[in-house]
1. Let a ≥ b ≥ c be the square roots of the eigenvalues of the Cα gyration tensor of chain B; is it rounded (a/c under 1.5), or, if not, prolate (a/b larger than b/c) or oblate?
2. Shape verdict for the stretch A:51-98, please, from the Cα gyration tensor: rounded (a/c under 1.5), prolate (a/b greater than b/c) or oblate.
3. Just tell me, in residue order, which DSSP H segments of chain B are both 27 angstrom or longer along the helix axis (alpha-carbon based) and at least 0.0 in mean Kyte-Doolittle hydropathy.
4. Over all residues in A:73-79, what is the mean tally of Cβ atoms on other chains that come within 10 Å of each residue's Cβ?
5. Mind checking the dipole of the protein assembly as shown: about its Cα centre, +1 per Lys or Arg Cβ, -1 per Asp or Glu Cβ, Debye to the nearest 20?
6. Find the Cα radius of gyration of the stretch B:282-401, compare it with 2.2 N^0.38 Å by division, and give the number to two decimals.
7. What's the exposure ranking of B:393, A:33, going from fewest to most Cβ atoms within 10 Å?
8. Against the longest alpha carbon principal axis of chain A, how many degrees, from 0 to 90 and to the nearest 10, is the axis of helix A:95-104 turned?
Amino acid sequence: MGKENALTFNCHRISGGSAEGQVLISPEPVCFYMIDTDTGKINERSHALVGQSITDKVLVLPSGKGSSVVQDEGLFALKQKNTGPKGIIVKNPDTVLVAGTIVMDYPLFDRVDNEFYDHIENDDYVKVDAERELIMLVKKQAC
Amino acid sequence: MYLNDEEKRMLAGDFGSGTAEAMKLQVALGEAFDAERMVEISRAHVSLAHYPSDVWYTAKLAAGGARCRIKPTCNPLYDLHYLENVGIRDPANEAGLLRNLKETFLKLGITLTYSCTPEIQSNVPRFGEYVAFAESSATPYVNAVCGARSNRESAKSALAAAITGRAPLYGYLLDENRTGNVLIEVETPINDDFDYHLLGYAASHKMGPGVPVFTGMPMKPSPEELVCFGAQLATGGSVAMYHIVGVTPEASDLETAFGGKTPEKKLTITERDLQKTQKLLSHGSGRIEFVMLGCPHYSIGQVAEVARLLEGKKIHPEVAFWVLTSPATRGLADRMGYLDTINRAGGHIIGGTCADISCWYGLYSGKVGVTDSVKAAYYTARVDMNFQLKRRYECVEIALRGGEA
């Protein structure tokens, strides 16, 4: 991955440290409880990403959704089984998601430059530098 | 963010490591959302259950000497004692876990209400009060209907707020974030609590994040209807604040509801959206083996309605019939004679028990039931507990005749 191919964007760190991985974009909000914690696959029957695995991905979400009880439980179980995402980039963070990522120590970032969303596609590779609050995006064809 | 001396001392561990841990979460939340300072809260509700992450976190805080400055009410777990009395012996093998958790809750200073509807019974805030409410059906209600100020707290952040007696000042605690930005015109009649269930899910699923402002709604909704509405607004999406023009206290008219701004988005909800939601979230087919009503917990009025429908009748022997409510409401139902009516028909009223909780999984996974709760149907599909969604009277009819929905 040559650095010359990387695009850089500003972001805001909410929790956790630096993270990198392949991008998985969810067009709709995610409830982490509705994921099979053994396989990392979304098992919410009506979800756009049903059947896809979030394990080791950097998830790009519009927001979290759902219960104040079980959002945390999903994040906790995924962490315990090492099937969780490497990091999460969220457009509209809510308290339930943020508290869960802080307590469970997941890297969570928001306030990303708008242009990021014009460039990003599934299977792109991103590196998020938590210290400098920067996202480096490497397009998949450049990998 | 600014912390006063006492808050600094909490963070530094002067009140023990449990309080310091709670304050650490509060400060991290405050910094994530750019809060300038903390405010004192006067009420809290914690939606803690017996999930591993809750057991881990509460044990850690209790061991660190944390005690709630604001004694919070708490969510249901399940009434194992009742289940054992009716011949269902420790179905998830959790008697020890439940006993330990109860001790931890008492140590922390949690009031054992075991109810998911504190907002209409045991913990009702007043207008303008700063509170920390977790539980998806409760948070939109205390914000929108009571006019109190709460963020969409998680079980753990609400506990941290109860322990520190503080919440970071951001989000729905601030006037400017409470006004609407999405207009939702309801173009179908909304008649009963089931319609509010469907509307809440359909609207929040369709709109995405934001504060919706509803028009075209009934002018005199009951508390129960608004409890159901809030529960589904927080299930289909993450709505924690909404307005119904002419009904909720911060929406005397359309302009006030939007704080003088123009809506960023405009949606309509029609009969088709409600039908689509009912279909989308109804799972399974075949013989109905169980009926579950009371997610969120039924009020005494809703229990009375079930009793009226069952008066002098017998539930089909192959259908298990469960009404879920708070322990307080169950006591009232006993006094009013509703418990006796429902028992004589062959049904149960179980107190302090959630619809999506471990005691049911072994009994009903792989089977098909009916419920009037969109939320119950949505979450339990995960463990293959399949629900067909029906109105309350239809659920009772199916229970009486048996067979398919």
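1. oblate
2. Values: a/c = 1.92, a/b = 1.17, b/c = 1.65.
Judged from the Cα gyration tensor, the stretch A:51-98 comes out oblate (a/c at least 1.5, b/c at or above a/b).
3. Correct list, ordered by number: empty.
4. Numbers: counts 6, 3, 2, 6, 3, 0, 1.
Counting Cβ atoms of other protein chains within 10 Å of each residue's Cβ and averaging gives 3.
5. Working: 56 positive and 67 negative charges, 178 e Å.
That gives a dipole near 860 debye.
6. Computed over Cα atoms of the stretch B:282-401, the ratio equals 0.97.
7. Listed from fewest to most nearby Cβ atoms, that is B:393, A:33.
8. Once rounded, the angle reads 80 degrees.
No value in this document is a laboratory result; all are computed from the given coordinates. Keep in mind that what you see is a predicted model, and the values were worked out from it rather than measured. Neighbour counts are summed over all protein chains in view; Cβ atoms, including those assigned to glycine, are modelled from backbone coordinates with ideal geometry.
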